[in-house]
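This report concerns only the one structure given below.
Bear in mind that the values in this text are calculations on the coordinates, not laboratory data. Since we're looking at a predicted model, the values are computed, not measured. No Cβ is skipped: glycine too gets one built from the backbone with ideal geometry, and neighbour counts run over all protein chains shown.
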Amino acid sequence: MIALQPIKPGSTIRIVSPAGKIDKKYVMPAVNWLEEQGYTVKLGEHVFARHFQFAGTDEQRAADVQEALDDSDCDAIICSRGGYGTVRIIQRLDFTQFLKKPKWLVGFSDITILHSRLHNLNVPTIHGVMPRYFLDGKGAPREDLMSMMKLIKGEGISYEVDATEFDRRGAATGQLLGGNLSIVNSLHGTKYDIDTAGKILFLEDIDEFLYHTDRMVHQLKLSGKLDNLAGLILGDFTDMKDNESPFGQTVHEIFAEAVKDRDYPVCYGFPGGHDKKNLALAFGREWQLDVAESGTRLRLKGD
């Protein structure tokens, strides 16, 4: 993986909206906070544009992202939100100039497509909180924001996660990758698909039916993506839905059944995704995963 330069006061951060529309009131407090920390913040021309459910047309969103990718003075790109729409512009994006001056990209959910694309270009990214959730109700930085800032500033980090009844004990070291289960699943068979062999796979999702989740997990299994993992980390699966006729398994039970014949460590319930806490993860970087009876420790290697 390409080693990215840590950001520091004076670094330029661009904010873009590659997917869903967003109101200024959810972004500007984050912009003000970043500027107070000494960073220069540039907003994409169409960050607050509206085109049905999108932040502007495909052309407008792609133009903003392309400008950020090409900006040699930019040190990090933070996506304003997820939603839906990144898949509609991914083929429009040219990473030639970006690879001459790679920079951090931050986001989650629909931004999983960009994580996957950059992973295949050997560029690390950060699966982490976006501007709406930078600050708490009193204007103070949240824990998940501070975890993202640690990673983007090149600082070490480790997490402790409470044990669950489903955890499979063991230790693993490997590159971390993944993101939103629905998006990872939708990339199968495309040039943006990811190779999970020997890696630690992180997955999360929101607002899915349990039977649909089971179908996606089985597609991962049938396609071999669960065969040769170094480890598996399951984040938050928020607001999951069931049918009037119950599916009969929880999300954790669905995954436990799917990987029962594998021997790699599995952590359930990592606080990452669409729930109250979304701790930052550096995709493409090496992590040490230790799942024990007392709980799980996840540590960024080299720190």
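General observations
- Between amide H atoms placed 1.01 Å from N, distances below 5 Å from Phe237 occur with Asp205, all of them 5 or more places distant or on a separate chain.
- Fraction of the pair-distance distribution of the range 219-293 above 22 Å, Cα-Cα pairs, percent: 33 percent
- The range 158-300 - convex hull of alpha carbons, volume per residue in Å³: 103 Å³
- Relative contact order of the range 1-52: 51 percent, from C-alpha pairs under 8 Å at least 6 residues apart in sequence.
- Among 139-149, 115-125, the peptide with the highest mean count of other Cβ atoms within 10 Å heads the list, and the full ranking is 115-125, 139-149.
- Cβ crowding within 10 Å averaged over residues, with 16-22, 67-73 ranked highest first: 16-22, 67-73
- Note on the range 158-300: with charges restricted to the Cβ of Lys and Arg (+1) and Asp and Glu (-1), its dipole about the Cα centre is near 560 debye.
- With the convex hull of the Cα atoms taken as the outline of the range 12-152, the averaged projected area works out to 7.6 nm².
- Per-peptide average of other Cβ atoms within 10 Å, ordering 199-206, 221-228 highest first: 199-206, 221-228
- All aspartates and glutamates inside 12 Å of Lys150 as judged from Cα atoms, apart from same-chain residues fewer than 8 positions distant: Asp303
- Shape summary: the chain maps onto an equivalent ellipsoid whose semi-axes, from the alpha-carbon gyration tensor, are 30, 21, 19 Å in decreasing order.
- Interatomic Cα distance distribution for the range 74-126, bins of 10 angstrom, percent: 23, 63, 14
- Extent of the range 102-183 along its three principal axes (Cα atoms, max minus min coordinate, largest first): 39, 34, 28 Å.
- Report summary: the helix-based calculation at 222 nm, which adds -39500 (n - 2.57) for every DSSP H run with n ≥ 4 and divides by the residues of the chain, gives -7000 deg cm²/dmol.
- Among beta bridges identified by DSSP and lying wholly in the chain, the antiparallel ones come to about 45 percent.
- Along the axis of the charge dipole computed for the chain (Cβ charges of +1 for Lys and Arg, -1 for Asp and Glu, origin at the Cα centre), the listed residues His115, Pro271, Ala256 are led at the positive end by His115.
- Normalised Debye scattering of the range 80-223 at q = 0.11, 0.12, 0.16, 0.19 Å⁻¹ gives log10 I(q)/I(0) of -0.49, -0.59, -1.06, -1.43, counting only Cα atoms as equal scatterers and leaving out solvent.
- Multiplying the residue separation of Ala163 and Asp227 by 0.36 nm and subtracting their alpha-carbon distance yields 20.7 nm.
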